[in-house]
Amino acid sequence: VLREHLVPRGATLVELDMRTLTPEALCGELLTHGATALLLLLGHPDPAVPVVRAVRRDPRLGGILIGAPAGQPEFTEWATLLGAEGTAVPFLRYLPEHLGPLGTRVGTALRARLGEAPSFVAFEGYDTVTVLAEVLRSPRGDDPWADVAVQGTRGEIRFSRVPGIGVRQWAWAPVQVADRDPADPGRFRVLHAAGAPRVTVRPECG
């Protein structure tokens with residue numbers, strides 16, 4: 001996917017295997033390739049946290065952008081382990097700009113159970129169980145996902161086929177690009193949402 005979208009736009013994509021590199025050796029590879037951005041497709045906390053720490057502490061890499069598409073910076077452990085070094089790392093999360101009544105109710109219940117604000121993954125988990133319950137509630141045809149329509153915590157969930165992909169998915173889920181605010185690692189900035197660029201701040205989600 002990265003090659004398909006980045007290379008035609010003039011980008012050079014280099015894959016670095018952390019099974020064979022230390023975080024310090026990775027920094028050397030980034031310099032050798034003249035990298036301007038590093039996408040962390042890595043496990044959390046290891047090796048993602050040591051990699052971020054090594055890159056942030058290498059003065060030769062001060063201008064590099066670090067991104068974490070899987071959303072690791074949303075978790076409290078990320079902020080605890082990295083502090084200010086874990087800020088300004090954009091990541092994807094599937095949340096609307098504002099939760100509806102169901103999302104607000106579920107968020108309140110999850111906060112009471114968890115002792116902190118729930119992450120977007122908690123809402124995903126709730127919605128997954130809701131969808132599965134709907135599919136199992138009544139017999140369906142050969143394509144049980146075709147007519148699913150469920151009100152989830154993040155909006156109505158329907159499944160459709162996207163060209164080039166052989167499975168059904170929630171194609172229009174709300175998406176945000178967010179990061180932790182360098183001025184306050186406990187807060188998030190929403191950099192991009194639902195196709196409209198913006199910068200807003202919301203309280204920490206653990």
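Each reported figure results from applying straightforward, stated rules to the coordinates on display, with no laboratory input. Not measured: the values here are computed from a predicted model. Glycine also receives a Cβ, built like all others from the backbone with ideal geometry; neighbour counts cover every protein chain displayed.
Pick from VAL177, VAL129, VAL49 the residue whose mean-square fluctuation is largest in a GNM of the chain, springs joining Cα atoms under 10 Å.
So, out of VAL177, VAL129, VAL49, the one fluctuating most is VAL129.
Between region 12-84 and region 87-119, what is the C-alpha centre distance in whole Å?
Centre-to-centre distance over Cα atoms comes out at 26 Å.
Under 8 Å for C-alpha pairs, at least 6 residues apart: give me the relative contact order for the chain, rounded to a whole percent.
On the way: 295 pairs, mean separation 36.5, N = 206.
Averaging sequence separation for qualifying contacts and normalising by length gives 18 percent for the chain.
Write out the trypsin sites (Lys or Arg not before Pro) in region 16-64 meeting two conditions: DSSP loop, and at most 11 other Cβ atoms within 10 Å of their Cβ.
Numbers: sites: ARG19, ARG53, ARG56, ARG57, ARG60; in loops: ARG19.
Answer by residue number: ARG19.
Once the piece of chain linking GLU134 and VAL162 is laid out straight, how much longer is it, given 0.36 nm per residue of separation minus the C-alpha distance between them? Before the final figure, lay out each step's value.
Numbers: separation 28, 0.36 × 28 = 10.08 nm, distance 2.22 nm.
So the chain would gain 7.9 nm between GLU134 and VAL162.
Could you work out how far the C-alpha centroid of region 120-135 sits from that of region 158-192, in angstrom?
16
Among TRP172, LEU65, VAL55, whose Cα projects farthest towards the positive end of the dipole of the chain, with charges put on the beta-carbon of Lys, Arg (+1) and Asp, Glu (-1)?
TRP172
When a/c is below 1.5 the answer is rounded, else prolate if a/b is larger than b/c, else oblate, so apply that to region 1-145 with a ≥ b ≥ c taken from the square roots of the Cα gyration tensor eigenvalues. Intermediate results must be reported in sequence, preceding the final value.
Working: a/c = 2.67, a/b = 1.69, b/c = 1.58.
Judged from the Cα gyration tensor, region 1-145 comes out prolate (a/c at least 1.5, a/b above b/c).
State which stretch of the chain is the longest one without any exposed GluC sites (Glu not before Pro), exposure meaning a DSSP loop state and at most 16 other Cβ atoms within 10 Å.
Numbers: sites that count: GLU15, GLU97, GLU116.
Answer from the scan: 117-206.
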